[in-house]
Amino acid sequence: MAVSVDEAVSTGPVRDRTPAARRFGGRGRSVLEIALLTVLAVVMLFPVLWMIETSIKENRDVYAIPAKFFDFTVTLDHFKDVFVASGGGRSTLSVAFLNSVVVAGVSTVLATVLGVPAAWAYSRFSVKAKKDQLFFILSTRFMPPVVVVIPIFLMYRQVGLIDTKLGLILIYAAFNVPFTIWMMKGFVDEVPAEYEDAAMLDGYTRLQAFWKFTLPLLVPGIAATAVFALIFSWNEFVFAIFLTSSDTVRTAPPAIAGLIGGTTVDWGLVAAASVVFALPVLVFAYLVRKHLIAGVTLGAVRR
Amino acid sequence: MSGPVPLTTDHPGQVASATPPAPGRSRRLSDRWLAVAFISPALLLLLAMSVFPLLWALYLSFTDYSATRGGSAHFVWFENYTAILTSAQVHLRALTTLIYVVGAVALQTVLGFAIAYLISRRTHGRGLLTTLFLVPMMLSQVVVGLFWKFMLDAQFGVINSMLGSLGLGQVEWLTRQQTALISLIVVDTWQWTPFIMLIALAGLTAVPKYLYEAASIDRASEWFRFRTITLPLVWPLLLIAVLFRAIEAFRLFDLVYILTSGGPGVSTETLSFHVYKVAFLGFNTGTASAYGILMVLIVIVLTQLYLRYLNKLKED
């Protein structure tokens, strides 16, 4: 994103050409626009700031009426509670975080290993009904999870994948493969096929040409794609809540959502867990900000 | 992979190469083999995890199977479908979903485009502004749902607290029929306005500068420039974003589950939440499957629309 943002900074001179009489009005408008943007930014960011604030407040400040915005005592107790159980030892939440790391990580690796070669093949070779195949692949990604989970639930019950990490890994990989293929096909298309042709003239086989010349050029694209797949799996909730139940398997989203099940809700803990959960996503998203548009539209829109 | 190769005769230096290049014909053959070998694992996973389950759901949708009652499934043919399509309950959910999708997507589009337009007019700090605005979109729906639930809490929520200090009355956002759906729309808008903004911004920055320069030499008014240059050029991309959001909003489940669980009453029960209730609380697997298949059909139509349009856009 940053690229397209930085590229187009030259609207300035255009405005300068407006007659002097209108320039003052322009400046007044400019101030108004900045004010409006600031207000919108505050509104958009307030919930996030409030979440961070709640996570470092003491309980009596969390529930203070009226709400305390500035003068509260800072504590890291909630963060401690996220990782350490009340009686010492690991908390259920920290186990869930570990599970999330395993499930999201392995499913991303699987989706990448399956998706990248397929994307290359779709980009380079003339495959029968290529367009239809690609459309079909992307359509599977649009299926409502709530609907897909019904037969998947029955299927997993038959084969004993209910309440296993493997089950989650497989379904997440299946949901990430279409994304990986579409996203990576864009990246492969950008690498000239002539590189491979030249390598093959030099005596390499097609496979070697792919492995030695194209693949190294694709590494940044693969990294960006994998990061998005990681974010999708990390954030996923519907499959996780219906296909897993035990604390040893459950990933972080259903575990965090489970915190509000009881009669009283420890909002400080919920906030701290949410912050811990969201932080890696924000860091990762920042790393791939250049590819954000392609990433969030499943590789369909590229700029 | 043997014998002299015509390709290398032009490059005598390469004859000594360790790997003899494949002759043209078998190269094409091995290309096809490579394509199959590279594509089929991915397709097999999709067939096993997406297509097969849906086919199974299709089969179940013609039966009276129940996941808990067990026993064998009896064919009831289209009974499930007629039951769903004629059910007043389902019609109500469809209406709720429609209000939600149209309301949320419309709000996001207007707000997102407005923010993008404002950002595109700034010369400084664009990168930072964009990054800040994008934060909500990257958060998990679980986190978003939980957090807004806390903020909208009637007793401890910060929203009511702020309303209170302004001297306004307290609102039971999530537990009143009239406000629950609105709250849902607001939360979804908060999360996904950045999505529209991001795409609209890409469209806005791609508008060639010389068009504006020409227009300003002609002393065209701001509104005229916006209407005749900006909007027509950004609209196609914006429509992509809108369609994409519409599909996502139609599938929405997480937010409803966490914020309201469909309540109060059934005022925020969208179609996908209702499917969940039929399948996992009512255990009418057959009916739920039929319901699911109908939803899949709608999604397929929307997706086709989206992809067709996308394709048209790419070809232009």
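Of everything in segment B:55-65, what is within 22 Å of A:Leu170 (Cα to Cα), in contact (Cβ under 8 Å) with a residue 12 or more places away in the chain and more than 7 Å from chain A (Cβ to nearest Cβ)? Give them in sequence order. Residue satisfying the conditions is B:Leu58 alone. Residues in segment B:149-175 that are within 23 Å of B:Glu269 (Cα to Cα) and touching a Pro at 6+ places or on another chain (Cβ under 7 Å) were compared, and the one that is surrounded by the fewest Cβ atoms within 10 Å (Cβ to Cβ) is B:Thr175.
Of all residues in segment A:193-211, none satisfies being under 30 Å from B:Leu255 (Cα atoms) and open to solvent by 30 Å² or more (accessible area, probe 1.4 Å).
Of the residues making up segment A:118-132, those that are assigned to a helix (DSSP H, G or I) and open to solvent by 30 Å² or more (accessible area, probe 1.4 Å) are A:Arg124, A:Lys130, A:Lys131, A:Asp132.
Taken as a whole, segment B:284-297 holds at least one residue that is over 22 Å from A:Val301 (Cα atoms), modelled with pLDDT under 90, within 11 Å of chain A (Cβ to nearest Cβ) and in a loop (DSSP other than H, G, I, E, B). Against the criterion of being of a type in the set (S, T, N, Q), within 8 Å of chain A (Cβ to nearest Cβ) and under 21 Å from B:Val102 (Cβ atoms), B:Ser272 qualifies. Here the helices (runs of 4 or more DSSP H) wholly within segment B:126-217 that include at least 2 residues being among the β-branched types (Val, Ile, Thr) are B:126-138, B:141-151, B:158-165, B:177-205. Considering every residue within segment A:8-18, establish whether at least one is acidic (Asp, Glu) and at pLDDT below 80. Yes, segment A:8-18 has at least one match. Among the numbered conditions (1) more than 24 Å from the chain's Cα centre (by Cα); (2) within 7 Å of chain A (Cβ to nearest Cβ); (3) within 30 Å of A:Ser100 (Cα to Cα), the only one that B:Asp153 does not meet is (2).
To keep it simple, each residue is scored yes or no on (1) open to solvent by 30 Å² or more (accessible area, probe 1.4 Å); (2) within 11 Å of chain A (Cβ to nearest Cβ); (3) out of contact with any strand residue (DSSP E or B) (no Cβ under 9 Å at 6 or more places or on another chain); (4) among the aliphatic types (A, V, I, L, M).
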site	(1), (2), (3), (4)
B:Leu233	yes, no, yes, yes
B:Ile240	no, yes, yes, yes
B:Phe244	no, yes, yes, no
B:Glu248	yes, yes, yes, no
B:Val256	no, yes, yes, yes
B:Gly263	no, no, yes, no
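Restricting A:Val249, A:Val219 to those that are more than 16 Å from the chain's Cα centre (by Cα), within 14 Å of A:Leu161 (Cα to Cα), among the aliphatic types (A, V, I, L, M) and open to solvent by 10 Å² or more (accessible area, probe 1.4 Å) reduces the list to A:Val249.
Considering (1) more than 28 Å from the chain's Cα centre (by Cα); (2) without any contact (Cβ under 8 Å) to a residue 24 or more places away in the chain; (3) open to solvent by less than 80 Å² (accessible area, probe 1.4 Å), the lone condition that A:Asn59 does not fulfil carries the number (2).
Residue-wise test of (1) open to solvent by less than 10 Å² (accessible area, probe 1.4 Å); (2) touching a Pro at 6+ places or on another chain (Cβ under 7 Å); (3) in a loop (DSSP other than H, G, I, E, B); (4) among the hydrophobic types (A, V, I, L, M, F, W, C).
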site: A:Thr214; (1), (2), (3), (4): yes, no, no, no
site: A:Leu259; (1), (2), (3), (4): no, no, no, yes
site: A:Phe284; (1), (2), (3), (4): no, no, no, yes
site: A:Lys290; (1), (2), (3), (4): no, no, no, no
site: A:Gly295; (1), (2), (3), (4): yes, no, no, no
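Quick grid of which residues meet (1) under 18 Å from the mean Cα position of the chain (by Cα); (2) within 22 Å of B:Gln304 (Cα to Cα):
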{"position": "A:Pro66", "(1), (2)": "no, no"}
{"position": "A:Asp81", "(1), (2)": "no, no"}
{"position": "A:Asn99", "(1), (2)": "yes, no"}
{"position": "A:Val106", "(1), (2)": "yes, no"}
{"position": "A:Val113", "(1), (2)": "no, no"}
{"position": "A:Ser126", "(1), (2)": "no, no"}
{"position": "A:Gln133", "(1), (2)": "no, yes"}
{"position": "A:Leu138", "(1), (2)": "yes, yes"}
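For segment B:187-194, the criterion of a residue being open to solvent by less than 40 Å² (accessible area, probe 1.4 Å), acidic (Asp, Glu) and either more than 9 Å from chain A (Cβ to nearest Cβ) or touching a residue at least 60 places away in the same chain (Cβ under 8 Å) (or both) is satisfied by at least one position.
All conditions but one from (1) of a type in the set (Ser, Thr, Tyr); (2) farther than 30 Å from B:Ala67 by Cα; (3) within 11 Å of chain B (Cβ to nearest Cβ) apply to A:Thr251; the one that does not is (2). Of everything in segment B:88-114, what is open to solvent by 30 Å² or more (accessible area, probe 1.4 Å) and either outside any helix (DSSP H, G or I) or not β-branched (Val, Ile, Thr) (or both)? Give them in sequence order. The answer is B:Ala88, B:Gln89, B:His91, B:Leu92, B:Ala94, B:Leu95, B:Leu98, B:Ala106, B:Leu107, B:Leu111, B:Ala114.
Restricting attention to segment B:64-87, the residues that are open to solvent by less than 90 Å² (accessible area, probe 1.4 Å), over 19 Å from B:Tyr276 (Cβ atoms) and over 31 Å from the mean Cα position of the chain (by Cα) total 6.
Here A:Val301, A:Val249 are screened, and the one residue that is part of a loop (DSSP other than H, G, I, E, B) and not assigned by TED's automatic domain parsing to the domain that holds A:Val101 is A:Val301. Scan segment A:233-243 for residues that are of a type in the set (Phe, Trp, Tyr), part of a helix (DSSP H, G or I) and within 10 Å of chain B (Cβ to nearest Cβ) and the total you get is 2. Within segment B:196-217, is even one residue at the interface with chain A (Cβ under 7 Å from one of its Cβ atoms), under 22 Å from the mean Cα position of the chain (by Cα) and within 28 Å of A:Ala104 (Cα to Cα)? Taking every residue of segment B:196-217 in turn, at least one turns out to be at the interface with chain A (Cβ under 7 Å from one of its Cβ atoms), under 22 Å from the mean Cα position of the chain (by Cα) and within 28 Å of A:Ala104 (Cα to Cα). With respect to being touching a Phe, Trp or Tyr at 6+ places or on another chain (Cβ under 9 Å) and more than 7 Å from chain B (Cβ to nearest Cβ), A:Ala257 falls outside the description.
Checking each residue of segment A:134-151 against the condition of being at pLDDT below 90 and open to solvent by 30 Å² or more (accessible area, probe 1.4 Å) gives at least one match. Step by step: first the residues of segment A:62-80, then only those that are within 11 Å of chain B (Cβ to nearest Cβ) and aromatic (Phe, Trp, Tyr), then the one that is surrounded by the fewest Cβ atoms within 10 Å (Cβ to Cβ). Which residue is that? The extreme case among them is A:Phe69.
Just one of the numbered conditions (1) under 16 Å from A:Leu269 (Cα atoms); (2) assigned to a helix (DSSP H, G or I); (3) open to solvent by 10 Å² or more (accessible area, probe 1.4 Å) is not true of A:Ser86: (2). All but one of (1) more than 12 Å from chain B (Cβ to nearest Cβ); (2) of a type in the set (Val, Ile, Thr); (3) in a loop (DSSP other than H, G, I, E, B) hold for A:Thr108; state the number of the condition that does not hold. So the condition that A:Thr108 fails would be (3).
The values are calculated or read from the model by the stated rules, or taken from the named source; none is laboratory data. This one's a predicted model, so the numbers in the text were calculated from it and none came from an experiment. Cβ coordinates were reconstructed from backbone atoms using ideal geometry, including for glycine residues, and neighbour counts include every protein chain displayed. Heavy atoms of the whole protein, side chains included, go into the accessibility calculation; ligands, DNA and RNA do not. Shrake-Rupley method; radii C 1.70, N 1.55, O 1.52, S 1.80 Å.
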